[in-house]
Amino acid sequence: MQNLQKEKYKDYFEGKKYNITTFGCQMNEHDSERISYILEDLGYTYTSNREDADFILFNTCLVRENAELKLYGQVSSLKKLKKENPEKIIAVSGCMMQTTTARGVIIDKHPEVDIIFGTKNINSLADLIFRYLETNERVIDISTDDVKDDFEKYNATNDFQAYVNIMRGCDNYCTYCIVPESRGREESRRPYTIIEEVEYLVDQGFKEITLLGQNVNSYGNKANYDFTFPELLARVAKIPGVERIRFTSSHPKDLSDELIDVIRDNDNVCNYFHLPMQSGSNSVLKKMNRHYTIEKYLERANKLKEEIPGIALSTDIIVGFPTETEEDFQKTLQACRKVGFDSAFTFKYSPRPKTVAATYPIIDDKIVQDRFQRLLDELYPTFNEKNKEYIGRIVDVLLESESKNDSSVLTGRTDTFKLVHVKAPKELIGEIVKVKITDNTSFTISGDLVNQ
Ligand code: 5AD
Ligand code: SF4
């Protein structure tokens with residue numbers, strides 16, 4: 001059926017270009033890679049110039065309010081373009097479209113948007129485009145058509161790093177978080193679908209694989225697969241040719257000793273762990289519904305450091321969660337000091353519709369801003385110290401791209417996820433090279449290529 005339609009519109013797609021703007025996390029980035037595969041399969045080619053594109057897509061996020069406001073602004077700015085070129089197709093997808101409120105805003109206030117779809121029916125995008133071309137009427141489809149066992153197809157951003165979904169959705173209901181609403185209940189893909197996908201990618205020459213899920217540590221819990229996340233990770237690590245494996249994200253409550261053992265015992269599982277702490281205060285953690293105490297969090301972080309010397313730890317922290325007192329905030333600073341994070345994503349609390357915390361009284365923005373700054377003042381010197389420890393060392397770096405400011409400099413990552421700057425020819429992009437570190441800032445390390 002789809003092939004017949006493809007044939008019918010073959011001439012239409014000839015020379016047509018597409019552009020995608022992605023907001024939010026790695027799951028969204030990966031969804032955009034899947035969307036881009038479908039568009040190119042139809043005949044579209046990519047353009048980085050949005051105004052020049054015939055199919056313009058926004059893949060949205062609503063985890064914090066600012067991502068949402070930014071989207072409305074960017075879509076509005078296309079009103080004139082659509083009026084002058086009605087044949088252009090404007091589409092909006094992603095987490096925002098999964099909630100009635102945000103979808104309602106697009107439906108009611110943005111007539112320039114032609115196609116609206118969600119996070120669970122990406123595979124039907126080609127059909128939605130055909131339907132639009134057939135009727136020239138707006139198409140809204142938020143069904144749940146994607147089969148979780150499908151072999152997923154996507155255009156990876158480069159030919160050496162790929163994301164692989166291992167699960168979707170989340171069942172944790174942290175009280176501030178809209179993800180369970182936008183991405184739905186947790187579902188794990190079948191282990192052998194995942195393993196086959198990684199084998200295929202390695203066959204294609206990919207060197208680094210990142211396993212994705214909202215909480216990878218609970219992989220398989222609801223299904224009767226004979227695989228826990230540590231078992232899946234160990235199995236993927238054994239696939240010949242996988243040089244680096246990363247995974248994200250992990251909930252501290254489910255971080256098992258078995259997982260720590262697998263990271264320690266497999267050289268190709270990267271020595272980097274993103275462990276969202278959110279707060280250092282037990283009273284706040286309880287109100288967030290996080291199901292761990294800060295003592296338990298510190299015990300897990302210490303165990304990682306003891307078992308895997310040199311492991312880099314990063315985290316997520318929310319400042320100004322409702323009811324957070326100065327004393328609670330001090331506990332967050334103390335916990336940061338105790339762990340010694342290599343990097344962190346820091347957020348000001350943002351109330352999200354229909355979440356439990358949205359009913360709690362919010363804290364004055366001035367207080368939140370002040371705490372936010374003090375948190376950065378606590379974290380940045382530690383990042384700097386951690387990076388300084390690399391000076392004099394020779395590290396393996398996967399070179400990823402040219403530096404934005406100077407094309408003779410390449411950027412890459414160590415297995416501990418340190419961002420590295422090094423002077424090197426661009427032919428080395430995609431290679432793992434040895435770099436002797438000579439310098440650092442709080443956010444990067446830099447050095448010289450070591451001749452091999
Ligand atoms: N406000 C602020 N930060 C949030 N996060 C999730 N929801 C919110 C919110 N409502 C942060 C958490 C999570 C990260 C992905 O985003 O720290 O770990
Ligand atoms: Fe949101 Fe909590 Fe699920 Fe993470 S674990 S996606 S913060 S509900």
Within the stretch 109-144, residues being under 18 Å from P86 (Cβ atoms) and touching a helix residue (DSSP H, G or I) at 6+ places or on another chain (Cβ under 8 Å) number 10
Being away from ligand 1 (no atom under 16 Å from the Cβ) and aliphatic (A, V, I, L, M): is that true of V179 here?
no
Any residue in the stretch 246-257 that's among the basic types (K, R): show its pairings with residues that are within 14 Å of ligand 2 (Cβ to nearest atom) and assigned to a loop (DSSP other than H, G, I, E, B) at Cβ separation under 8 Å, as long as the two are six or more apart or on different chains.
K253/R290; K253/H291; K253/Y292
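So which of T444, T438, T414 is out of contact with any helix residue (DSSP H, G or I) (no Cβ under 9 Å at 6 or more places or on another chain) and under 25 Å from L275 (Cβ atoms)?
Residue meeting the stated conditions: T414.
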What is the one condition in (1) crowded, with 21+ Cβ neighbours inside 10 Å; (2) in a helix (DSSP H, G or I) that K286 does not satisfy?
(1)
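For the structure I just gave you, tell me whether N271 is away from ligand 2 (no atom under 16 Å from the Cβ), at pLDDT 95 or above, crowded, with 17+ Cβ neighbours inside 10 Å and among the polar types (S, T, N, Q).
yes
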For the stretch 263-280, the count of residues that are within 16 Å of ligand 1 (Cβ to nearest atom) and either small (G, A, S) or in a strand (DSSP E or B) (or both) equals 5
Every residue from the stretch 346-382 that is farther than 20 Å from C170 by Cα, within 14 Å of ligand 1 (Cβ to nearest atom) and of a type in the set (V, I, T):
T346, T359, I362, I363, V368
Within the stretch 162-181, restricting attention to residues that are touching a Lys or Arg at 6+ places or on another chain (Cβ under 9 Å) and within 6 Å of ligand 2 (Cβ to nearest atom), which residue is nearest to S283 (Cα to Cα)?
C174
Please go through the stretch 288-326 and pick out each residue that is more than 13 Å from ligand 1 (Cβ to nearest atom), more than 25 Å from D265 (Cβ to Cβ) and of a type outside the set (S, T, Y).
H291, I294, E295, E326
With the condition being within 20 Å of G15 (Cβ to Cβ), I'd like the helices (runs of 4 or more DSSP H) fully within the stretch 48-159 carrying at least 1 qualifying residues.
79-84, 125-135
Identify the single condition in (1) in a loop (DSSP other than H, G, I, E, B); (2) in contact (Cβ under 8 Å) with a residue 40 or more places away in the chain that P361 does not satisfy, given that it satisfies every other one.
(2)
Give me a count of the residues in the stretch 319-357 that are within 16 Å of ligand 2 (Cβ to nearest atom), among the β-branched types (V, I, T) and part of a loop (DSSP other than H, G, I, E, B).
1
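The values are calculated or read from the model by the stated rules, or taken from the named source; none is laboratory data. Treat the numbers as computed from the prediction; the structure is a model and nothing was measured. Reconstructed Cβ throughout: ideal geometry from the backbone, glycine too, with neighbour counts over all protein chains shown.
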